[in-house]
Amino acid sequence: EKLVYAFNEGTKEMKELLGGKGANLAEMSSLGLPVPNGFTISTTACKHYQVHKELSENLLLEIKNKLEELEKVSGKRFGDEYNPLLVSVRSGAVFSMPGMMDTILNLGLNDFTVKALSQSTNNPRFAYDSYRRFIQMFADVVMNIPRHKFEDVLETRKKQKGYTFDTDLTTEDLQYIVDQFKYIYKTEKGSDFPANPQDQLIMAVEAVFSSWDNPRAKIYRDLHNISHTLGTAVNIQEMVFGNTGNTSGTGVAFTRNPSTGEPALFGEFLLNAQGEDVVAGIRTPEPINRLQEIMPLVYEEFVKIANLLENHYGDMQDIEFTVENGQLFILQTRNGKRTAQAALQVAIDLVHEKVIAKEEAIKRISTQQIDQLLHPTFSKKGLEQAILIATGLPASPGAASGKIYFHAADVLQAKERGENCLLVRAETSPEDIEGMIFSEGILTSRGGMTSHAAVVARGMGKCCIAGCSSLYIDEEKRELIYGKTVLREGDFLSLDGSTGNVFLGEISLEQTTTGSYFTELMNWADEFSVLQVRANADTKSDVQTALNFGVAGIGLCRTEHMFFEETRISAVRQMILSSDEQERQEPLNTLLEMQKEDFIQLFQLMKGKPVTIRLLDPPLHEFLPKKEEEIKKLAQELHISLAEIKNRISYLEEVNPMLGHRGCRLGITFPDIYEMQTRAITESAVSVYQQGIAVMPEIMVPFIGSKEEYTFIKERITKIIDDILIENNISIPYKIGTMMEIPRACLTADEIAEEAEFFSFGTNDLTQMTYGFSRDDTDKFLFDYKAKNVLKNDPFQTLDQSGVGELIKIASYKGRKVNSAIKLGVCGEAGGDPDSIRFFHELGLSYISCSPFRVPAAKLAAAQVAL
Ligand code: ADP
Ligand code: MG
Ligand code: MG
């Protein structure tokens, strides 16, 4: 089996085998782009290494052959004392894992080849700069010698000489540093730095393979649901040098702005620098447009290549490049990580630019990203009073307030105490990943838009401000200093990742509004989805929100929510506590007028879209007064004694109210309540209809368990509706149906469907009764269930397909058998859950209904499952 592939033997489709980086290097080579030559050791070899813990004979032989080919084309030789070949050893997994795996540059240098390099280029400073980098990277990545030991030497030397930047170091400084580095290596490892390039290469390859299993790589994979068995490829590539002087440099650029999606080249570069310098944030990089001034020809070529790559891949690219003495080389391209906002704009712009189809755009945006777009921002009021202390780079949007902590471990502890935290650091590194996960936002004083903090935060959808250089952050002392003020661990800050503004203290949040790109995506989703999306809404503002998101109707209006308002509750209580129909008449009349107001508004807003109104459902005791003075007041209103009212209240008490006197059971014991509600619905519909606005009421009877219950209620309410319509001499389309939330109803759906015009599956109660889990008590055991792997998901969030889903299947099948026109929908929480939506789509239901803010994600999911 072939284990090593030259760049010209691969394509971008071979990611699984060559890793993302290798496959794209191969693709770019065959596109004829200026990519340094090299070859890729496949992920298969890595899997083999995971088992045997050594490189096989076959593999070693293939590497040797490919290396010889590389020597031939480059005209250089590995370890040569005149013209040495230097390579980079680069990890590259199937899914890009920024900063997780390690890369070694300038491999092949030793005391002899460094002299050769120095002479052949006539640039000793460059040669020793490369050598010190190589020793440091090799020691760190391959031998696990703490990085700071080397950095300390560098810093001390810079301080001694009064330098600011690494680029100030002279040849002698670098030679001295190299000696020190070798000395550190020897004291740490008890042996000399490995001089033989072949040995260096083998050790480096093994280290990359082992790094697949380092803890931070594992955490990253867990976080992004990447399998631990994929393994990584290793790329061996001829070096090109950005550190030869001021005609060289290195950079990273995105073909569009990864933060906002704006269609303009976005990135940074550093003169006289190599590899990680740009992201490490030691020197502040320059924006990419400056390249146009400094090296116009290089810039022009780069723009051409960037456009070519974006078109070729059909997506925004994240490109790494290096310029060696005015010559451009491309070292990596991949689909760029981006914020939700950028994902939206890029996908839609690419459709307008005819690069991709609408279907593709819909697939590219995730439902999580849609949720992020609806994330709250700081309230206007809060911002007016906020004190701005600094502005950094808006690295990843979102708003976050919390207590500041300077170390990932402190964030974890604070999180356990239930605090909202911000991770504040000079710069982040892969070790901070867990702290980043558990913080609300990230603030760094160093690094650019492509620094570790920025890239990782954007991937997580987490608010981040990077490179806030006016703040001095002392991680050791756990202090943040601005001006003369010192903030300490536990103090509050607020971060606005969209502007880069840092505020003192806490700021309240509010919901964001969405723009035209969002609306366009929602419209496209409608074009492709089969499932319609409705909203569960009862207040005017909920309905308005739902309409802004373009809902197809209201799938659940809970009438009782209209009862809790202060001015109404007393009428409701009187209604409940009346002793007979006669006494009940007066409060019912009051409520009739109130409900009519609600429904008229609802029908007016919905303009002929279906509105499913559920008749009174909850156990009556929920409405009862609890405080003594409320009880007294109620007794007065009903003209009865305190003793009598207490008597009536205690009569309504139930042992198990969720399974007690509620839903249609109320409608059977107190028919006048449902009759009043039906009258309110119908009279409202008539009045709105008479205003020239179409109406489509659907009356839903809750908690049905048998056909007999349903028929009892349906006959009564049908009569009321028809009487009102005849009285007014008009005809309005309406439907009457049931909420399906009791298992028995699902099992006898064929009987119920003889009478019902629609079923709406109420997955919350249906789950409660199917599982026998009390909805209000699952917190006592659900956590353990999940931790102990007894349950994978909370069935109240994600539909339990094999149990509850089976009941829905049975009911749909039986219902359709006797009534092929029956309309089927879902109105529980699961209706808004993207994972459950596929199931509902495949069952051929006609709609799902969820809370208004879940509508956009539900619409997107409905379109995605239909493609
Ligand atoms: P990562 O996956 O962390 O981005 P890379 O393998 O892309 O790691 O290497 C990091 C950087 O090292 C690159 O962006 C590039 O600047 C530099 N680099 C890698 N290989 C070479 C090479 N052959 N010549 C010059 N620079 C290189
Ligand atoms: Mg890279
Ligand atoms: Mg219910």
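The values are calculated or read from the model by the stated rules, or taken from the named source; none is laboratory data. In this text, all values refer to a predicted model and were calculated from it rather than measured experimentally. Here the Cβ positions follow ideal geometry from the backbone for every residue, glycine too, while neighbour counts run over all protein chains shown.
Observations
- Qualifying residue in segment 177-189 (condition: among the hydrophobic types (A, V, I, L, M, F, W, C) and part of a loop (DSSP other than H, G, I, E, B)): no
- When each of 9, 62, 16 is tested for being more than 38 Å from the chain's Cα centre (by Cα) and either more than 16 Å from ligand 2 (Cβ to nearest atom) or under 27 Å from residue 320 (Cβ atoms) (or both), the lone residue that passes is 62.
- Selection of segment 1-37 for residues being at positive phi and surrounded by 23 or more Cβ atoms within 10 Å (Cβ to Cβ) yields only 19.
Yes/no per residue for (1) buried (at least 17 other Cβ atoms within 10 Å of the Cβ); (2) within 16 Å of ligand 2 (Cβ to nearest atom):
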site: 222; (1), (2): no, no
site: 229; (1), (2): no, no
site: 237; (1), (2): yes, yes
site: 270; (1), (2): yes, yes
site: 285; (1), (2): yes, yes
site: 299; (1), (2): yes, no
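- Segment 243-258, subset buried (at least 24 other Cβ atoms within 10 Å of the Cβ), within 34 Å of the chain's Cα centre (by Cα) and assigned to a loop (DSSP other than H, G, I, E, B), residue farthest from ligand 3 (Cβ to nearest atom): 255
- Here residue 637 does not fit the description of being free of Cβ contacts under 8 Å to residues at least 60 places away in the same chain and over 43 Å from the mean Cα position of the chain (by Cα).
- For the residues 301, 320, the requirement of being closer than 17 Å to residue 33 by Cβ, charged (D, E, K, R) and within 16 Å of ligand 1 (Cβ to nearest atom) singles out 320.
- Some residue of segment 88-96 being at pLDDT below 95 and aliphatic (A, V, I, L, M): yes
- The listed residue being in contact with a strand residue (DSSP E or B) (Cβ under 9 Å, 6 or more places away or on another chain), buried (at least 20 other Cβ atoms within 10 Å of the Cβ) and in a loop (DSSP other than H, G, I, E, B), out of 499, 450: 450
- Among the residues making up segment 350-393, a single one is hydroxyl-bearing (Ser, Thr, Tyr) and part of a helix (DSSP H, G or I): 367.
- The lone exception for residue 599 - which of (1) closer than 13 Å to residue 543 by Cβ; (2) surrounded by fewer than 17 Cβ atoms within 10 Å (Cβ to Cβ) it fails: (2)
- The one condition from (1) farther than 19 Å from residue 112 by Cβ; (2) modelled with pLDDT of 95 or more; (3) exposed (fewer than 15 other Cβ atoms within 10 Å of the Cβ) that residue 173 does not meet is (3).
- Residue check, residue 264 among the small types (Gly, Ala, Ser) and crowded, with 17+ Cβ neighbours inside 10 Å: no
- Only listed residue being in contact with a Lys or Arg (Cβ under 9 Å, 6 or more places away or on another chain), in the same structural domain as residue 714 (by TED's automatic domain parsing) and either in contact (Cβ under 8 Å) with a residue 40 or more places away in the chain or not hydroxyl-bearing (Ser, Thr, Tyr) (or both), chosen from 772, 803, 832: 832
- Residues of segment 602-632 satisfying the condition of being basic (Lys, Arg) and either in contact with a strand residue (DSSP E or B) (Cβ under 7 Å, 6 or more places away or on another chain) or exposed (fewer than 15 other Cβ atoms within 10 Å of the Cβ) (or both): 607, 614, 626, 627, 632
- Yes/no for residue 520 being outside any loop (DSSP other than H, G, I, E, B), charged (D, E, K, R) and surrounded by fewer than 21 Cβ atoms within 10 Å (Cβ to Cβ): yes
- Test for residue 759: is it under 30 Å from residue 375 (Cβ atoms), outside any helix (DSSP H, G or I) and touching a helix residue (DSSP H, G or I) at 6+ places or on another chain (Cβ under 9 Å): no
- On inspection, residue 555 does not qualify as surrounded by fewer than 20 Cβ atoms within 10 Å (Cβ to Cβ) and at pLDDT 90 or above.
- Residue 835 falls short on exactly one of the conditions (1) of a type outside the set (A, V, I, L, M); (2) surrounded by fewer than 22 Cβ atoms within 10 Å (Cβ to Cβ); (3) within 21 Å of residue 612 (Cβ to Cβ), and that condition is (3).
- No other residue among 686, 655 is assigned by TED's automatic domain parsing to the domain that holds residue 592, of a type outside the set (Phe, Trp, Tyr), part of a loop (DSSP other than H, G, I, E, B) and away from ligand 2 (no atom under 16 Å from the Cβ) apart from 655.
- Here residue 110 passes the criteria (1) modelled with pLDDT of 95 or more; (2) part of a helix (DSSP H, G or I); (3) surrounded by 14 or more Cβ atoms within 10 Å (Cβ to Cβ) except the one numbered (2).
- Filtered residues of segment 796-819 (kept if buried (at least 18 other Cβ atoms within 10 Å of the Cβ) and not in a loop (DSSP other than H, G, I, E, B)): 804, 805, 807, 808, 811, 812, 814, 815
- For segment 97-125, the candidate set comprises residues that are in contact with a Leu (Cβ under 9 Å, 6 or more places away or on another chain) and within 19 Å of residue 180 (Cβ to Cβ); within that set, the residue that is farthest from ligand 2 (Cβ to nearest atom) is 124.
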